[in-house]
Each structure stands twice: as C-alpha cells, then as structure tokens.
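For reference, the structure is listed below as structure tokens.
The values are calculated or read from the model by the stated rules, or taken from the named source; none is laboratory data. Bear in mind that the values here come from a model prediction, so they are computed numbers and not experimental data. Note: ideal-geometry Cβ built from the backbone for every residue, glycine included; neighbour counts use all protein chains shown. Only protein heavy atoms, including side chains, enter the accessible area calculation; ligands, DNA and RNA are left aside. Shrake-Rupley method; radii C 1.70, N 1.55, O 1.52, S 1.80 Å.
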Amino acid sequence: MRGYECAGMWREVEWPTVMLLGLCYGVWALGTTYLAAVFLPLGMAFVIFGAALHSSLTHEALHGHPFRSPALNAALVFPALSLVVPYLRFRDTHLAHHQDSILTDPYDDPESNYLDPAVWSELPRWQQSILAFNNTLLGRLIVGPVIGTLAFMRSDLQALGNGDRHVALGWALHVPALALVVWWIVAVGSMPLWAWLLSSYAALSVLKIRTFLEHRAHVHASGRTVIIEDRGPLALIFLNNNLHVVHHMHAAAPWYRLPALYHADKARYLSRNDGYRYGSYAEVIARYFWRAKDPVPHPLWPKP
C-alpha cells in the first residue's frame, strides 16, 4: 500500500515546473561561470534570464507548486537570485495582494503603484517628478527596482520596529539564502562582482515589464486585472502571468495550464475584466515606453 501511495505522490508532482527549475539554475550557473569567462556580455544575459525566471518560479512556489508541501516548494527556490526580496515576505505580501477587492488600493494592496492623492499633493516636486517618470515604462526599467525595493523595505522596517516577529523571521531566513548566492559568485563564479550586480538589477527591470500595467484603477474589482496575449520570450520568463486575470481567477493552476484555460473561454475572461487587454508586450512597449499609462495619484480615490 505504501508503494502505491508513493507512486501517487510522484504522479502529482508538476514535473514541467521541476524541470524548468533545473534549467533555471543551470542557465544562471553557466552564466556566472563558463560564459562569463568566455564572453562576459553573454554570461550577463544568461544571469538576467536565470534570475528573472527564478523570480517567476518563486511566484509559482508560493502558490503551491510544484509539490503539495509548502516547505519543499520554498526549499526549491531558496537561493536568493533576485537578492532583495525575502521569500517569506514575498509570499505574505503577494497572497495579500490576491484579495481582488483591494487591488490598486494605495494602502491595502502591497503591490499597488498608486498613491493617495492627499499624500501625492504633499510630496516635494522632485519626488513627484521621479515617481511620474517611474510611471513610464522606461522609468520603470531604470528606477523602478530602486523605488519598489525602498518602498518594500520601508514598510518592513516599520513592522520590525513594531516588533513583528514574522517579518523578522522572513529577513533572518533571507540572510543564508543571499549568503549562498554571494558565496557562489565569490568562490565559484568567474563573473566580476559589478557585472553580477548589474545583471541582477537588470533582471528586476525585466520583471517590471510584467508588473507595469498588470492592474488599473477601475470602479469594479473584476475590471482591474489585465490580459496580454503574448506568446514570446517574455511570456516564458513570466510563466504566462501575462494572462493575469486567468491567474487571479485560478491561482492554484500551474503556469503551463493558463493558456489553455484562457483560450477555452476567452470571451468570459475579457468580459470579466471589461476588455482590459493588449495583444503583446511589443504593443505595450510601443505605447508606453516614453509616456505614462496612469497618473501616480489614484484617479478613483477616495472611494465613493
């Protein structure tokens, strides 16, 4: 009987995710060692791809993939390839973000890029200028990782100051996860430290393409989440999260099933999000590379 149970357990493993994790670590390791020594720009490209993909796989892990065990899923993505975000903190804030009723809320949505208009009006002009630049796609690529990281850390520092032990645990576990990556770069890798840091930053910039317009201000929560019908390399790096309303509606579905879910009932999803759709990331880049899609102050705030 135990043999059947064991066989059933292994059949339930989401093997495409496991294999992609192996590929991810292999690409990143190859980029930091052999390729960095042979041709540094190619090595950096591999590190950017590997670190960005690892962040998407981390997102899969916190949603319960590829194993049933949360501890095992967390262990699979333990190395902090993205450097700045502790896994437990990413898990907690992202799962809070999945409460659709608070999407884009300047206070309650941990991933919102909007500000309360009253807060915005009190900011100095130079800070408003930086945040307005951040609302263009170019700005999101250049300064977005810094702004996002500072906002995230400021919130966590406040929680630590208030004695939040769970936040402290998240950062304590991040120390060995980051130390493992630094050890690899220093002791095993052939990539200069500056090149690794620049590549890691570029990976965070790539991820900002996905989050740039994932959610919009809309009177109805169902109309706030985007569909981007992209099938190119960015869709792979983002593990089909460009079909974002499908992910929000089926958060337990693994990444490789999202396209089938979408195409099986496309009209339903586009009706639900009130037609918030783009044909590809090329379309998004062409429209918003130089100009902002949204204002920084929330256009529907305060709530009616």
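Residue by residue, here is whether (1) closer than 17 Å to Asp294 by Cβ; (2) open to solvent by 40 Å² or more (accessible area, probe 1.4 Å); (3) under 18 Å from the mean Cα position of the chain (by Cα) holds:
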position	(1), (2), (3)
Asp109	yes, no, yes
Asn113	yes, yes, yes
Asp116	yes, no, no
Arg125	no, yes, no
Ala132	yes, yes, no
Arg140	yes, no, yes
Leu157	no, yes, no
His166	no, yes, no
For the stretch 213-242, give me each residue that is under 18 Å from His59 (Cβ atoms) and either among the basic types (Lys, Arg) or in a helix (DSSP H, G or I) (or both). Pro233, Leu234, Ala235, Leu236, Ile237
Which of (1) touching a residue at least 60 places away in the same chain (Cβ under 8 Å); (2) surrounded by 21 or more Cβ atoms within 10 Å (Cβ to Cβ) does Ala177 not meet, given it meets every other one? (2)
Quick one: Leu234 ticks every box in (1) touching a residue at least 24 places away in the same chain (Cβ under 8 Å); (2) open to solvent by 50 Å² or more (accessible area, probe 1.4 Å) bar one, so which box is it? (2)
What do you reckon, is Pro302 at pLDDT below 95, under 17 Å from Thr104 (Cβ atoms) and open to solvent by 60 Å² or more (accessible area, probe 1.4 Å)? yes
In the stretch 195-231, which residues are open to solvent by less than 30 Å² (accessible area, probe 1.4 Å) and among the polar types (S, T, N, Q)? Ser199, Ser200, Ser205, Thr225
Take the residues of the stretch 68-97 that are under 19 Å from Asp108 (Cα atoms) and without any contact (Cβ under 8 Å) to a residue 24 or more places away in the chain: which is most open to solvent (accessible area, probe 1.4 Å)? Ala96
Give all pairs with beta carbons closer than 8 Å in which a residue from the stretch 183-212 that is in a helix (DSSP H, G or I) meets a residue that is of a type in the set (Phe, Trp, Tyr) and open to solvent by 20 Å² or more (accessible area, probe 1.4 Å); count only pairs at least 6 apart in sequence or on separate chains. Ala203/Phe49
Please determine, by comparing only the residues of the stretch 243-285 that are among the acidic types (Asp, Glu) and either more than 24 Å from Leu137 (Cα to Cα) or not in a helix (DSSP H, G or I) (or both), which one is least open to solvent (accessible area, probe 1.4 Å). Asp265
Return only the number of the condition from (1) under 21 Å from the mean Cα position of the chain (by Cα); (2) part of a helix (DSSP H, G or I); (3) surrounded by 19 or more Cβ atoms within 10 Å (Cβ to Cβ) that Gly26 does not satisfy. (3)
Scan (1) open to solvent by less than 60 Å² (accessible area, probe 1.4 Å); (2) farther than 23 Å from Glu214 by Cβ for the single condition Gly148 breaks and write down its number. (2)
Go through the stretch 132-164 and report how many residues are assigned to a helix (DSSP H, G or I), among the charged types (D, E, K, R) and at pLDDT below 95. 2
